[in-house]
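The structure under discussion appears below in the form of structure tokens.
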Amino acid sequence: MDEAAARTPGVVVTYLASMRMWARSAMQYRTSLILVMIYGTFVAGTELAALLVIYSNVQSLGGFSLAEALYIYGTAQAAFFISDLLFTGTEYLGARIRMGTFDALLVRPVGVLPQVFADQFTPRRFCPLISAFGALVAGLVSAPVHWTWLRAVLVPYTLLTGVAVFGAIWVFVGAFQVMVTDASEAMNIVTYGGQFMTSYPLSLYGRNLMLFLTFGIPLGFVNWQPTLYVLGHPDPLGLPTLFRFAGPLFAAALWGVALSAWRGALRHHCSTGS
Amino acid sequence: MLIEAENLSKTYTLRKKTGRLKRERATVEAVRELNLSVAEGELLGYIGPNGAGKSTSIKMFTGILSPSGGTLRVAGLEPIRERKQLARRIGVVFGQRTTLWWDLPLRDSFALLHRMYAIPDARYAENLKRYVELLGLAELLDTPVRQLSLGQRMRGDLTAALLHDPSILYLDEPTIGLDVTSKMVVREFLAELNRERGTTIVLTTHDLDDIERLCRRVVVIDHGTVAYDGELSALRNRIAADRTLVVDLARPGPAVTVPGATVTRVDGPRQWLAFPAEANAAELISAVASRYELVDVSIREADIEDVVRELYSS
């Protein structure tokens, strides 16, 4: 008994095993999957095209050139869609609870959250990454950056921070769905809204919104703050240079709050059963 | 004792809309002061009308719901708080809601459970072989779950719930919607599992045939608490529901009149007479025969359904 308990899979193994099952499920419908993947790649491409159309009419947006905007767009989209790939299963929780299939996850001897993260995973979530990384690479190549080691390291650092911030938001989405099973769309403001806002220079949105997006919902750390350093722009808010690197701190704090919200939501579920 | 519940209670707070903005709080006692102990190796019928608190209590036993009062120990563990340890000791079959991977072959769902429960390879292979044989799943292992019939899927779910050798198996309506053959396979399997492996089984069902064929002990839940706990035969006697004498007369006519029985139904020449369980059936038959021309008679014992209905209404 104890021996078996010791070998019970941890978070990562549970997560990967569940992911694999969902991926293989999706691949049972090969033709459909291929068509949906082509479509998904195309849709993501048209969004990128929209950015290019805007820049065919203006020289700069919020003080950023096309090359710089491509970099911003690329980092935000890549971070969002990697987080989407990894954590977006929380979005399906409301439906699961309504159908009564959430209970099945609770009677397994493994963590609930990794099972939820992997829920409904499909390889089609890789598609938007093509245009995201396309924009990112185009931006990196064409933006007039004075490259230093620090700037180079900041690029993957930005992506990881962005994934972490969006990931924490997906955890909030899960907690929210447990609490309010019939209002799942409400969280889209933060998730897809956040994806949209961070895809453009935050300087477009004005001072108050920028402040909110830094200290309220720390979306400003997805890519905006480190990008200011990489591209050599001053911070319109005039925040100290340290903020360019503070993303992981904010992300960690956000995960702390998100995980306790999740635990609270689970407790709520266990006491109400709905 | 494998399941030990003392004064177990569960209260829900509902918020009812009473006006445009006003909301009223109402508390609902889904389970109240429920006392139950289940020993190792029992096969327990857990029955009651809808909304009586059956599933709420089962959800507490399985670590899905937290009790709001009383004490509860399952396999020596505190459900919820020791959720993962408890999960290793129990198997749950959710009736109509399958836990198998819909689009994947049956075999894949089993393989996932092999990992999740960290079942030693040898034991997994042995259990899989055994259940596949007993439940006739050999030809279905490579079939996607979505292509299985209801009965086949139920057999798959049973296997999935048992691969890790749980001490307690909870079954929620395991025979609902199944054809006669599948029902028989499932029942025989459960009886054998209980007999050979000593697995404790808690069976929730509306199919009273299941209970009659499988369970010695029956727990009737009503209004959130235990309304009856004991042997099935004693439950029948306790309620002493009427028996029914069905008579076929030579020709149709008005309801017959005989002392000690009342006609409950007339259909052409056939009439149904209810009489007390303890009354002498032979006397009643000769009383009818002395007054009317009889072609055929049969006696129907009160079945468990009548008994339970009687119990609920009292």
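Points to keep in mind about this one:
- The peptide list A:55-65, A:72-82, put in order of mean Cβ contacts within 10 Å with the highest first, becomes A:72-82, A:55-65.
- For region A:98-114, heavy-atom accessible area (probe 1.4 Å) falls by no less than 10 Å² from the chain alone to the full protein assembly at A:MET99, A:GLY100, A:THR101, A:ASP103, A:ALA104, A:LEU106, A:VAL107, A:ARG108, A:PRO109, A:VAL110, A:GLY111, A:VAL112.
- Using only alpha carbons, region B:92-164 has a radius of gyration to Kirkwood radius ratio (Rg to Rh) of 0.92.
- Cα centroids of region A:203-274 and region B:101-146: 45 Å apart.
- In nm, spacing of pseudo-spin labels at B:THR27 and A:VAL11 (7 Å Cα→C-beta vector): 3.7
- Over chain A: helical MRE at 222 nm, DSSP H runs n ≥ 4 each giving -39500 (n - 2.57), nearest 500: -22000 deg cm²/dmol
- Occluded residues from region B:47-73, i.e. those whose accessible area drops by 50 Å² or more once the chain is not alone (1.4 Å probe): B:ILE64
- Phi angles of region B:214-221 translate, via the Karplus equation with coefficients 6.51, -1.76, 1.60 and θ = phi - 60°, into HN-Hα couplings of 10, 9, 7, 9, 10, 10, 9, 9 Hz per residue; Gly and Pro are given as x.
- Quotient of C-alpha Rg and 2.2 N^0.38 Å, computed over chain B: 1.23
- Local electrostatic count at B:GLY76 - Lys and Arg +1, Asp and Glu -1, tallied over other residues with Cβ under 12 Å: -2
- Remark: the protein assembly as shown carries a charge dipole of roughly 1800 debye about the Cα centre, counting +1 on each Lys and Arg Cβ and -1 on each Asp and Glu Cβ.
- Residues with amide H under 5 Å from that of B:ALA227, placed H, sequence gap 5 or more: B:VAL220, B:ILE221, B:ASP222
- Per-residue [θ]222 nm for chain B (sum of -39500 (n - 2.57) over DSSP H runs n ≥ 4, rounded to 500): -9500 deg cm²/dmol
- Computed with a 1.4 Å probe over protein heavy atoms only, the accessible surface of the protein assembly as shown comes to 46 Å² per residue.
- Computed from backbone phi, the HN-Hα couplings of region B:27-32 come to 9, 10, 8, 6, 9, 9 Hz, rounded to whole numbers (Karplus: 6.51 cos²θ - 1.76 cosθ + 1.60, θ = phi - 60°; Gly and Pro given as x).
- At 1.306 mPa s and 10 °C, Stokes D of region A:128-274 from Kirkwood alpha-carbon radius, µm² per second: 96
- Accessible surface of the protein assembly as shown [probe 1.4 Å, protein heavy atoms]: carbon and sulfur percent: 57
- Alpha-carbon Rg/Rh ratio, for region A:190-274, with Rh computed the Kirkwood way: 1.11
- The share of Cα pairs per 20 Å bin across the protein assembly as shown, counted from zero up to the longest distance, runs 17, 38, 28, 12, 4, 1 percent.
- The gain in end-to-end length when the A:SER271 to A:ALA183 segment is fully stretched comes to 29.7 nm, 0.36 nm per residue minus the alpha carbon separation.
- Neighbouring partner chain Cβ atoms per residue of B:83-89, average, 10 Å criterion: 5
- Take the Cα radius of gyration of region A:2-272 and divide it by 2.2 N^0.38 Å, N being the number of residues; the result is 1.07.
- Between A:LEU242 and A:ALA95, the contour length at 0.36 nm per residue exceeds the Cα-Cα span by 48.7 nm.
- One compactness figure for region A:204-246 is 1.03, namely its Cα radius of gyration divided by 2.2 N^0.38 Å.
- Paired Rg and Dmax values of region B:241-313, which use every Cα atom, in angstrom: 12.5, 39
- Convex hull (Cα only) mean projected area of region A:47-101, reported in nm² to one decimal: 5.3
- Backbone geometry of region B:246-263 corresponds, through the Karplus equation with coefficients 6.51, -1.76 and 1.60 at θ = phi - 60°, to 3J(HN,Hα) couplings of 9, 10, 9, 8, 5, 9, x, x, x, 4, 6, 10, 9, x, x, 8, 10, 7 Hz, x marking Gly and Pro.
- Cα centroid of region A:108-170 to Cα centroid of region B:237-281, whole Å: 78
- Interface between chains B and A: roughly 3000 Å² of accessible area buried, both sides summed (probe 1.4 Å, protein heavy atoms only).
- At an R0 of 51 angstrom, the distance between the Cβ atoms of B:MET184 and A:VAL36 translates into a FRET efficiency of 0.70.
- Between A:ASN57 and B:ALA234, the simple label model (points 7 Å from Cα in the Cβ direction) yields a spacing of 8.4 nm.
The values are calculated or read from the model by the stated rules, or taken from the named source; none is laboratory data. These numbers were taken from a predicted model, which means no experiment stands behind them. Cβ coordinates were reconstructed from backbone atoms using ideal geometry, including for glycine residues, and neighbour counts include every protein chain displayed. Ligands, DNA and RNA are stripped out before the accessible areas are found, and what is left, the full protein with its side chains, is counted by its heavy atoms. Shrake-Rupley method; radii C 1.70, N 1.55, O 1.52, S 1.80 Å.
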